[in-house]
Amino acid sequence: MTDMTFFSSVSLSWFLTLFISVLPIESAVNVVDCFFYDGIKAILQLGLAVLDYNMDRLLTCRDDAEAVTVLNKFFDNVTNKDSPLPPTVQQAPVGSNGKESHTKVDITDLIKEAYEKYGDIRSEEVESMRRRNRLYVIQTLEDTTKQNVLRVVSQEVKISPADLDDLYEIFKKQHFLSCYWTMNSPVLLHHDPSLPYLEQYQLALPQFRALFSLLCPWAHCAHRDALALWMFRLLDENQDGLLNFKELCCGLDVTYSGTFTDKLKLLFKLHLPPGKPPQNNSACSQIKCKSDDTVFSVYSVLNTIITWQSGIFNEACYEFPLNPQ
């Protein structure tokens with residue numbers, strides 16, 4: 001195995017968790033001490049020492065999985081002779097199967113070797129490298145997030161991968177426009193980087209209305225704003241006043257790829273709670289509708305869907321009353 005680019009992703013958790021995620025806890029505390037004293041350069045030194053210690057085994061690995069196994073077994077066998085915990089309490093090696101013994105490495109010796117071999121690394125050099133590669137790392141994380149989101153959403157909708165990719169870019173653009181160009185943006189107020197990747201980008205009602213007017217077959221309807229509001233409420237499953245990418249795609253998927261029955265059901269649901277304004281106050285309950293707005297004839301609904309099927313939707317085909325107030 002001569003391609004070392006694989007270790008850039010493997011070592012990511014080392015730096016993000018200060019080796020706590022891979023080392024036994026009694027050994028990881030020593031690494032945290034070094035980080036508090038010398039900063040991030042101590043973590044870099046230790047990472048280089050780990051790769052150097054396992055270099056011969058890593059070069060003989062045939063694939064990435066075998067290299068991960070080598071590193072995991074090494075970390076499992078890092079001990080701490082100075083740990084105050086008794087041997088029965090110390091964390092047992094996870095990768096040990098009882099059939100093969102591995103050389104124990106004391107964390108103190110490993111840290112000492114890291115400082116002796118790579119102690120000439122200066123914090124300024126580490127910071128310079130971080131600045132130089134920061135944009136690349138951010139873009140890589142963005143691409144990974146995008147792939148994960150598209151993979152999950154593609155299993156729920158019939159939208160083609162190419163269209164889904166374009167829709168994601170439009171959705172993300174609207175998210176950032178809301179964050180940085182809207183005063184008191186609810187998207188920015190509720191932004192939490194720790195949320196799952198599906199929840200990283202979200203849209204409030206104004207941004208959804210903009211997309212609704214561009215993407216929905218009802219774009220030329222005179223009651224577009226009312227329909228956009230009702231659609232927003234219907235798709236907002238957790239009722240937090242925000243839509244994620246999956247929720248948006250599920251709504252558009254019905255309008256473009258759904259059956260005749262699916263579209264008819266959607267149109268009917270728009271006139272019922274949660275599409276209809278709820279009784280309690282929420283971020284979306286800005287438009288009131290009369291109760292008789294939910295009563296409409298079967299003929300008018302069928303007329304709407306049939307016209308919708310042909311790709312033409314205008315005010316003339318929307319015969320039932322709409323009076324958002």
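The values are calculated or read from the model by the stated rules, or taken from the named source; none is laboratory data. The shown structure was predicted, so the numbers you read here are calculated from the model rather than taken from an experiment. All Cβ positions, even for glycine, are placed from backbone atoms using ideal geometry, and neighbour counts span all protein chains on display. Remember, those area values only see protein heavy atoms, side chains included, never the ligands or the DNA or RNA. Shrake-Rupley method; radii C 1.70, N 1.55, O 1.52, S 1.80 Å.
Observations
- Among the residues of the range 260-278, the ones that are modelled with pLDDT of 70 or more and either open to solvent by less than 70 Å² (accessible area, probe 1.4 Å) or within 15 Å of D236 (Cα to Cα) (or both) come to 10 in all.
- Within the range 236-251, if we keep just the residues that are open to solvent by less than 20 Å² (accessible area, probe 1.4 Å) and hydrophobic (A, V, I, L, M, F, W, C), the residue that is nearest to the chain's Cα centre (by Cα) turns out to be F245.
- Residues that are free of Cβ contacts under 8 Å to residues at least 12 places away in the same chain and open to solvent by less than 60 Å² (accessible area, probe 1.4 Å), drawn from the range 118-155: S128, T140, E142, S154
- Lone qualifier among F15, F7 - being among the aromatic types (F, W, Y), in a helix (DSSP H, G or I) and open to solvent by less than 40 Å² (accessible area, probe 1.4 Å): F7
- Within the range 187-234, the set of residues being of a type in the set (S, T, Y) and either modelled with pLDDT of 80 or more or assigned to a helix (DSSP H, G or I) (or both) comprises Y197, Y201, S213.
- Members of the range 217-229 that are out of contact with any strand residue (DSSP E or B) (no Cβ under 8 Å at 6 or more places or on another chain), closer than 21 Å to P273 by Cα and open to solvent by 10 Å² or more (accessible area, probe 1.4 Å): R224
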